[in-house]
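Q: Quick one: the structure is below, and I'll ask about it shortly.
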Amino acid sequence: MSKPTRHSPPAGKRRPKQELLYDPDVPTPSHAELARTLVDGAQSGTLCTLSVDPEGYPYGSLVTFAVHNGDPIFLVSQLAVHTKNLNASDRASLLVAEAGPDNPLALGRVTLVGKCRPIAEEDRGAVKKAFLEKNPQAEFYVDFGDFTFFRLQVESVRYIGGFGRMSWVGPSDWYTAEPDPIAPFAAPIISHMNDDHADVMVLYCKELSKATDTTEATMVGVDRYGFEMSALTGDGPRPIRLAFSNTVSSANEIRAEMVALAKQVRS
């Protein structure tokens, strides 16, 4: 995996250097894990192929997909332009972007690059099951004679997590990474903490980080390793990340970790 890159500040401007207010070695998802989580949670993306007509140009089309053993799987019609393109050249990429109300460029996105080819007949049963679990509306036409499953074998991954967070992820890291099991219920956890436990999060920041002058705190993210907050300090909003004592895999385990931390900061 290549070293993550960051944007430089605008020419002629200096950003004030601020001390990190939490432990820089706190466990954090890798870019490979973040990319797998984003892609596994999505249902559609932009499939880019090399156009046959006009020849050689990139051609992007909206497709639904599922992930099977790390490979994006597509159910495509032989009448579709992208299928004709793939039959001529198997080089392709899939762009998957995170949705949300914020600036789209501040949200996550992943580009998967590789060879996209028809699946072997012996793999069709498992691939069909995985695809229909993610795309049940395809049940009507999945067995039509002119529809075929294609698999994108990932050779390289570009992960962008928003402004200043980006890197290339190699295939070995991609295929060994696992999606975050917390992702499906992260949003309600964040809402619950912000709506009902804002006072405790202020204590988290004051007692478990260097943000001792925190007056307000908002949870902005949670994953299997820990959670992130935006703490309002005398220097403005500052990021705070805290780790769980154990890697979690369920909402109940997160609740137990949060309760333990609350008891710790209140003692």
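Q: Can you tally the net charge around LYS134? Count Lys and Arg as +1, Asp and Glu as -1, for every other residue whose Cβ sits under 15 Å from the Cβ of LYS134.
A: Around LYS134, the surrounding residues sum to 0.
Q: Now, a different point. How much of VAL200 can a 1.4 Å solvent probe reach, expressed as accessible area in Å² and rounded to 10?
A: 10
Q: Ok, one more. Starting from the 7 Å offset along Cα-to-Cβ, what nm value, one decimal, do you get for the label separation of HIS197 and ASP102?
A: About 2.1 nm separates the two model spin labels.
Q: Follow-up question, since we're still on this one. Please state the equivalent ellipsoid semi-axes for segment 162-267: what are the square roots of 5 times the Cα gyration tensor eigenvalues, largest first, in whole Å? Let's see the in-between values first.
A: Values: eigenvalues 131, 65, 29 Å².
Semi-axes (√(5λ), whole Å): 26, 18, 12.
Q: With only Lys, Arg, Asp and Glu charged, each at its Cβ (+1 for the first two, -1 for the last two), find how big the charge dipole of segment 154-267 is about the Cα centre; round to the nearest 20 debye.
A: The calculation lands at about 200 debye.
Q: Could you pull out every one of the aspartates and glutamates with an alpha carbon less than 19 Å from that of LYS134, ignoring same-chain neighbours closer than 8 positions?
A: Cross-link targets: ASP40, ASP71, GLU98, ASP123, ASP143, GLU178, ASP180.
Q: Net charge near ALA92: determine it from the other residues with C-beta under 13 Å of the C-beta of ALA92, scoring Lys and Arg +1 and Asp and Glu -1.
A: Computed value for this residue: +2.
Q: As a test of the definition: which semi-axes, in Å, follow for segment 36-103 when you take the square root of five times each eigenvalue of its alpha carbon gyration tensor? Largest first, please.
A: Values: eigenvalues 109, 41, 19 Å².
The answer is 23, 14, 10 Å, longest axis first.
Q: In percent, what relative contact order does segment 64-169 have, based on Cα pairs under 8 Å that are 6 or more apart in sequence? Please list the in-between numbers first.
A: On the way: 172 pairs, mean separation 38.8, N = 106.
It rounds to 37 percent for segment 64-169.
Q: So for segment 161-267, taking the charge dipole from beta-carbon charges (+1 Lys/Arg, -1 Asp/Glu), which of ALA177, GLY161, VAL200 sits furthest toward the positive end?
A: Going by the charge dipole, the pick is VAL200.
Q: Only four residue types carry charge here, +1 at the Cβ of Lys and Arg and -1 at the Cβ of Asp and Glu. Report the dipole size of the chain about the Cα centre in Debye, rounded to the nearest 20.
A: 840
Q: To continue, here is another question. What is the Cα coordinate range of segment 18-150 on the first, second and third principal axes, sorted by size from largest, in whole angstrom?
A: Largest first, segment 18-150 extends 60, 35, 27 Å along its Cα principal axes.
Q: Follow-up. Provide Rg over Rh for the chain; use the alpha carbon set for both Rg and the Kirkwood Rh (inverse mean inverse pair distance).
A: With Rh from the inverse mean 1/r over Cα pairs, Rg/Rh is 1.05.
Q: What's the ranking of 140-147, 46-53 by average number of surrounding C-beta atoms within 10 Å, highest first?
A: Details: 140-147: 10.9, 46-53: 18.6.
Ranked by mean Cβ neighbours within 10 Å, highest first: 46-53, 140-147.
Q: Would you mind telling me the antiparallel percentage of the DSSP bridges in the chain, rounded to 5?
A: If I count the DSSP bridges inside the chain, around 100 percent turn out antiparallel.
Q: Now, a different point. Could you calculate the contour length gain from ASP23 to THR215, that is, 0.36 nm times the residue separation minus the distance between their Cα atoms, to one decimal place in nm? Don't skip to the end; give the middle numbers.
A: Working: separation 192, 0.36 × 192 = 69.12 nm, distance 2.02 nm.
Net length gain for the segment: 67.1 nm.
Q: Please state the charge dipole magnitude for segment 60-206, taken about the Cα centre, from unit charges on C-beta atoms (+1 on K and R, -1 on D and E), reported in debye and rounded to the nearest 20.
A: Charge dipole of segment 60-206: 540 debye, to the nearest 20.
Q: Now for a separate question. Can you put ASP71, ASP235 in order of accessible area, largest first, using a 1.4 Å probe? Could the numbers behind the result be given before it?
A: Working: ASP71 15, ASP235 115 Å².
Correct descending sequence by accessible area is ASP235, ASP71.
Q: Evaluate the distance, in nm, between pseudo-label points positioned 7 Å from the Cα of PHE185 and of GLN137 along their respective Cα→Cβ axes.
A: Result: 2.8 nm between the two label points.
Q: If each DSSP helix of 4+ residues adds -39,500 (n - 2.57) and the sum is divided by the residues in the chain, what number results at 222 nm, nearest 500 deg cm²/dmol?
A: Values: 7 runs with 74 residues, N = 267.
About -8500 deg cm²/dmol.
Q: Moving to a separate point now. If the viscosity is 1.567 mPa s and the temperature 4 °C, what translational diffusion coefficient in µm²/s does Stokes-Einstein give for segment 81-188 when Rh comes from Kirkwood over Cα pairs?
A: The diffusion coefficient I find is 79 µm²/s.
The values are calculated or read from the model by the stated rules, or taken from the named source; none is laboratory data. Being a predicted model, the structure only gives us computed values, none of them experimental. Glycine gets a Cβ as well: all are built from the backbone with ideal geometry, and neighbour counts include every protein chain shown. With ligands, DNA and RNA removed, areas are computed over all heavy atoms of the protein, side chains included. Shrake-Rupley method; radii C 1.70, N 1.55, O 1.52, S 1.80 Å.
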